[in-house]
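**Student:** Below you will find the structure I want to go over with you.
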Amino acid sequence: MNNENITPDDGVQPSAGPRRETIALISRRKFLSRLSLSLAGVCAVVIGVPAAGFVLAPLFRKVAGTWRTVGAVGDFAIGETVSVVFEDPSPLPWAGVTARAAAWLRRDSESAFTAFSAHCTHLGCPVRWMPGANLFLCPCHGGVYYRDGSVAAGPPPHPLFRYDVRILEGNVQVKATAVPITTTL
Amino acid sequence: MKRFVVSTWRWLDDRLGLSDLIGPSLRHLVPHDATWWYVFGSATLVAFTVQIITGIALAFSFVPSSSQAYDTLRFITNEAPFGHFLRGLHYYGASAMVLMVGAHMAQTFLFGAYKYPREMSWSTGVLLLAFTLVMGFTGQLLRWDQTAAWSVVVAAEQAGRVPVIGDWLARFILGGSTIGGATLSRFFAIHVFLIPATMFVFIGLHVWLVLRHGISDPPVAGRRVDPATYKQEYHAELARTGVPFWPDGAWRDFVFGTALILGIAALALIYGPPPVERPPDPSILEADPRPDWYLLWYFAVLALIPPKIEGAVMILAPALIGVILLLAPILGSKGERHWSRRPWAIGVVLLSVLMIGSLWIAGANSPWSPNFEAKPLTAAVVGATQGPIAEGARIFHQRACLNCHLIQGHGGRRGPDLTFVSDRLSENDIIIRIVNGRGNMPAYGSILRPAEVNALVAFLKTCRRPEFPAKEK
């Protein structure tokens, strides 16, 4: 078959050396392939950057704590630890029940309250207050905390996280914030 | 009529080129002795196909909204025609896929099928294993009940342990700083679009590699893989004794695949899908989140690793296992293929099965979790209805001792069984343990009144075998 005029490689004769047209064709093809790949790169950036930015946006969303009323001061008996329910700092309109959060609230005295996060510091499972034992027990991997939130047993690396609490116009308010994440380094 | 069908097919096939496209794949020669051990790969593909079909059907009714998904799950399960069955198929299909991936890996490993020139078949397969597990985990989350919501938190907390970028990863998983409106949508996109699309690509590559390098011939003890001659010998043997894949090899895949589907359907009919539990309301603190069975062994790992090295184990161990699995074929691409000449290979498989199996049993029993359902001890167990012993037994329940300790099979398994505690410990020892605590036993000194300690001791002194005298002080 006579393909000499169709593919440039056949025009390259080992003995005669490449013809000038062939060199021009090769550099033209090199240019065209680089052009095409560069354009593909541009397309990837134009589409990929906004897509990745959209998906990664929650990483950079800083949430300021929001004070949430969890009841009147008189609703809580001194010395008792009860669970209180409040809404997340800035819930999306379609969050439904997932916008709810809970904490363990103890009235220490007339005017002092302590609010413990319900998240075990090991891996975030909801700890339960056992009033008879004065302990918080985790259902997942065996974490146990004393009354003051310090670790009594099991794998938790830290005491229970505490929320800020304040009394405003006779109401107890908990400062709703992010789910506490235990990190290393 | 037949002539019309035949001529129509010929016209279509000429224009579409279907025979040219798949004909060579169907006719390609496979080793005649590649028999029933070779069905697990196609069985994995069968299970994946079940997942695609049932998944698409379920998506017709599933609303991936944090506030509504739970209701659509209940609708699919309780009201939609075939919904209960479809969910069962999707669940047992996922289970079958995990099992078949495991069987496929064990078989190709023991047969040395990952050696030259099929190293990349193994490595792409390892990635497909990882994708399968991600699909399993995200699929459990799409049930979007209480366990699903808390599992997201657990996943975020685990990601949080990754050095430096942990907090960012955790937020990426939660879709923000808390569980909420953004959370479920992310997992829907990952489970339904991102991972399946990636899996299509890798399954295509994986199957292409089967065609490119051929199904590995069953190993023969003493016949070593030598990259210089392997391909030549393989093709010469195929030319001599090989049989066409269709139908000589494929019929076993069809038999096994059909059995697998019938098994999945039977399980779905008999046992049904996992129940939809309480709603995904993070303020309901009576929760007991557990992963589905295929990750239950990992749940046990998280409970059992010593806390001091936990951070390293949680992050480094999976990374290390992944790297070893990916690089395994490159580290050992030559030499013996037969399992009888590779005892360490049998050891690795046995050890993996034993480790995952025993961790799985540990996860199913989870003795490290307190028993929140512990009921007060009955008079038959206590042996008294009034007096200090009965009072001690009442306190034993009221002060939550029973949530962690067993008395004659009642209570929790977090701490030691106290049925015969007085055979081991003297009265003083018991008091010291209660008041000061020890190891995982919290110190009750500031929690109990002296009279309560006395009553507990009175009760625990009766906890011994009748034939042994109590240990003297």
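The values are calculated or read from the model by the stated rules, or taken from the named source; none is laboratory data. All values derive from a computational prediction rather than experimental measurement. Positions of Cβ are generated from backbone atoms using ideal geometry, with glycine treated the same way; all protein chains shown enter the neighbour counts. In case anyone asks, the SASA skips ligands and DNA or RNA and just uses the protein heavy atoms, side chains included. Shrake-Rupley method; radii C 1.70, N 1.55, O 1.52, S 1.80 Å.
**Student:** Starting from the stretch B:185-288, pick out the GluC sites (Glu not before Pro) whose DSSP state is loop and whose Cβ has at most 13 other Cβ atoms within 10 Å.
**Tutor:** Here the GluC sites (Glu not before Pro) that fit, given the DSSP loop and packing criteria, are B:E286.
**Student:** Mind pulling up the Rg/Rh value for the stretch A:29-146? Radius of gyration and Kirkwood radius, both on Cα. All intermediate terms of the calculation are to be shown ahead of the outcome.
**Tutor:** Values: Rg = 24.6 Å, Rh = 18.7 Å.
With Rh from the inverse mean 1/r over Cα pairs, Rg/Rh is 1.31.
**Student:** Here is a follow-up. If all Cα-Cα distances of chain B are sorted into 10 Å bins from 0 onward, what percent lands in each bin, rounded to whole numbers?
**Tutor:** Per 10 Å bin, starting at zero, the Cα-Cα P(r) for chain B comes out as 4, 15, 21, 20, 17, 12, 6, 3, 1, 0, 0 percent.
**Student:** Shifting gears a bit: For A:I167 and B:V255, FRET efficiency with R0 = 56 Å and r from the beta-carbon atoms, rounded to 0.05? Can you show the working numbers first?
**Tutor:** Values: r = 73 Å, r/R0 = 1.30.
FRET efficiency, B:V255 to A:I167: 0.15.
**Student:** Quick one: order B:I389, A:I26 from most to least accessible surface, probe 1.4 Å. Working shown, then result.
**Tutor:** Working: B:I389 50, A:I26 80 Å².
Heavy-atom accessible area, descending, gives A:I26, B:I389.
**Student:** Another question about this same structure. What number comes out for the charge environment of B:S19, summing +1 per Lys or Arg and -1 per Asp or Glu over other residues with Cβ under 14 Å away?
**Tutor:** Working: positive: B:R10, B:R15, B:R27; negative: B:D13, B:D14, B:D20.
Once all neighbours under 14 Å are counted, the net charge is 0.
**Student:** Also: Give me the distance between the Cα centres of the stretch B:106-146 and the stretch A:130-159, rounded to whole Å.
**Tutor:** Comparing the Cα centres of the stretch B:106-146 and the stretch A:130-159, I get a distance of 37 Å.
**Student:** Still on this structure, I have one more. For peptide A:38-51, how many partner chain Cβ atoms fall within 10 Å of a residue's Cβ, on average? The partial results should precede the final answer.
**Tutor:** Working: counts 0, 0, 0, 0, 0, 0, 0, 0, 0, 0, 0, 0, 0, 0.
Mean partner shielding for this stretch: 0.
**Student:** At a Förster distance of 25 Å, what's the computed FRET efficiency of B:I361 paired with B:L320, Cβ-Cβ distance as r, to 0.05?
**Tutor:** Numbers: r = 24 Å, r/R0 = 0.97.
Computed FRET efficiency for B:I361 and B:L320: 0.55.
**Student:** Let me check I have the definition right: for the stretch B:101-150, take the eigenvalues of the Cα gyration tensor, multiply each by 5, take square roots. What are those semi-axes in whole Å, largest first? Spell out each step's value before the answer.
**Tutor:** Numbers: eigenvalues 209, 20, 5 Å².
Semi-axes (√(5λ), whole Å): 32, 10, 5.
**Student:** Sticking with this structure for a sec: Using a 10 Å cut-off on Cβ atoms, rank the peptides B:37-43, A:49-55 from the highest mean neighbour count down. Don't jump to the answer; show the numbers that get you there.
**Tutor:** On the way: B:37-43: 21.4, A:49-55: 10.6.
So the peptides B:37-43, A:49-55, ranked by packing, come out B:37-43, A:49-55.
**Student:** Choose one of A:V97, A:G48, A:S117: the residue whose Cα lies farthest towards the positive end of the charge dipole of the stretch A:47-155 (beta-carbon charges +1 Lys, Arg; -1 Asp, Glu; about the Cα centre).
**Tutor:** Of the candidates, A:G48 comes out farthest on the positive side.
**Student:** Between B:V207 and B:S185, what length in nm is gained on full extension when 0.36 nm per residue of separation is reduced by their alpha carbon distance?
**Tutor:** On the way: separation 22, 0.36 × 22 = 7.92 nm, distance 3.16 nm.
Difference between extended and current length: 4.8 nm.
**Student:** Please report the relative contact order for the stretch A:66-176, taking Cα pairs under 8 Å with a sequence separation of at least 6, and give it as a percent rounded to a whole number.
**Tutor:** On the way: 236 pairs, mean separation 30.6, N = 111.
Relative contact order here is 28 percent.
**Student:** Still on this model: Residue farthest toward the positive end of the dipole of the protein assembly as shown, with Cβ of Lys/Arg at +1 and Asp/Glu at -1: which of B:L58, A:L32, B:P307?
**Tutor:** A:L32
**Student:** Let me ask you something else. Probe radius 1.4 Å, ligands and nucleic acids left out: which of B:R449, A:R147 has the largest accessible area, and how do the rest follow?
**Tutor:** Numbers: B:R449 150, A:R147 95 Å².
The ordering from most to least exposed comes out as B:R449, A:R147.
**Student:** Then there's this: Relative contact order for chain A: what is it in percent, counting Cα pairs under 8 Å that are at least 6 residues apart?
**Tutor:** Details: 274 pairs, mean separation 33.3, N = 185.
RCO, chain A: 18 percent.
**Student:** Isolated Cys in the protein assembly as shown by the 4.7 Å beta carbon test?
**Tutor:** A:C43, B:C401, B:C404, B:C463
**Student:** Ok, one more. Between rounded, prolate and oblate, where does the stretch B:1-143 land on the alpha carbon gyration tensor, with a ≥ b ≥ c its root eigenvalues, rounded for a/c under 1.5, else prolate if a/b exceeds b/c?
**Tutor:** On the way: a/c = 2.64, a/b = 1.25, b/c = 2.11.
Taking the square roots of the gyration eigenvalues as a ≥ b ≥ c, the stretch B:1-143 is oblate.
**Student:** How many Lys pairs in chain B lie less than 29 angstrom apart by Cα atoms, where the lysines are 8 or more positions apart or on different chains? Let's see the in-between values first.
**Tutor:** Details: B:K115/B:K231; B:K115/B:K334; B:K231/B:K334; B:K375/B:K461; B:K461/B:K471; B:K461/B:K473.
For chain B, qualifying lysine pairs total 6.
**Student:** Same structure, new question: Partner chain Cβ atoms within 10 Å, averaged over the residues of B:156-163 - can you pull that number for me?
**Tutor:** Working: counts 4, 12, 3, 2, 8, 7, 3, 3.
The mean count of partner-chain Cβ atoms within 10 Å per residue comes to 5.
**Student:** Follow-up question, since we're still on this one. With a cut-off of 8 Å between alpha carbons and a minimum separation of six or more residues, what is the relative contact order of chain B in percent?
**Tutor:** Working: 586 pairs, mean separation 90.0, N = 473.
The value is 19 percent.
**Student:** The stretch A:69-103 to the stretch B:361-376: how many Å between their Cα centroids?
**Tutor:** Spelled out, the Cα-based centre of one part sits 29 Å from the other.
**Student:** What does the charge dipole of the protein assembly as shown about its Cα centre add up to, to the nearest 20 debye, if the Cβ of each Lys and Arg holds +1 and the Cβ of each Asp and Glu holds -1? Present the calculation step by step, with values, prior to reporting the outcome.
**Tutor:** Numbers: 57 positive and 45 negative charges, 184 e Å.
Result for the protein assembly as shown is approximately 880 debye, rounded to the nearest 20.
**Student:** Would you mind computing, in nm to one decimal, how far apart the modelled labels at B:A197 and B:F60 are, each placed 7 Å from Cα along Cα→Cβ?
**Tutor:** With each label point 7 Å from Cα toward Cβ, the separation is 2.4 nm.
**Student:** A further question on this structure: Against the longest alpha carbon principal axis of chain B, how many degrees, from 0 to 90 and to the nearest 10, is the axis of helix B:310-331 turned?
**Tutor:** 20
**Student:** Now a separate question. Just grab the label-to-label distance for A:K30 and B:W37, each label 7 Å out from Cα along the Cβ direction, in nm (one decimal).
**Tutor:** Here the answer is 5.2 nm between the modelled labels.
**Student:** Mind checking A:152-163 for the average number of partner chain beta-carbons within 10 Å of each residue's beta-carbon?
**Tutor:** Details: counts 6, 10, 7, 10, 1, 5, 0, 0, 0, 0, 0, 0.
Average neighbour count from other chains, rounded to a whole number: 3.
**Student:** What shape does the protein assembly as shown have by the C-alpha gyration tensor, where a ≥ b ≥ c are the square roots of the eigenvalues, rounded means a/c under 1.5, and otherwise prolate means a/b greater than b/c and oblate the rest? Write out the running numbers ahead of the final one.
**Tutor:** Values: a/c = 2.36, a/b = 1.78, b/c = 1.33.
Prolate shape, in that a/c is at least 1.5 and a/b is the bigger ratio.
**Student:** First check a/c for the stretch B:88-175, with a ≥ b ≥ c the square roots of the eigenvalues of its C-alpha gyration tensor; if it is under 1.5, answer rounded, and if not, answer prolate when a/b is larger than b/c or oblate otherwise.
**Tutor:** Working: a/c = 3.76, a/b = 1.57, b/c = 2.40.
Note, shape of the stretch B:88-175 comes out oblate.
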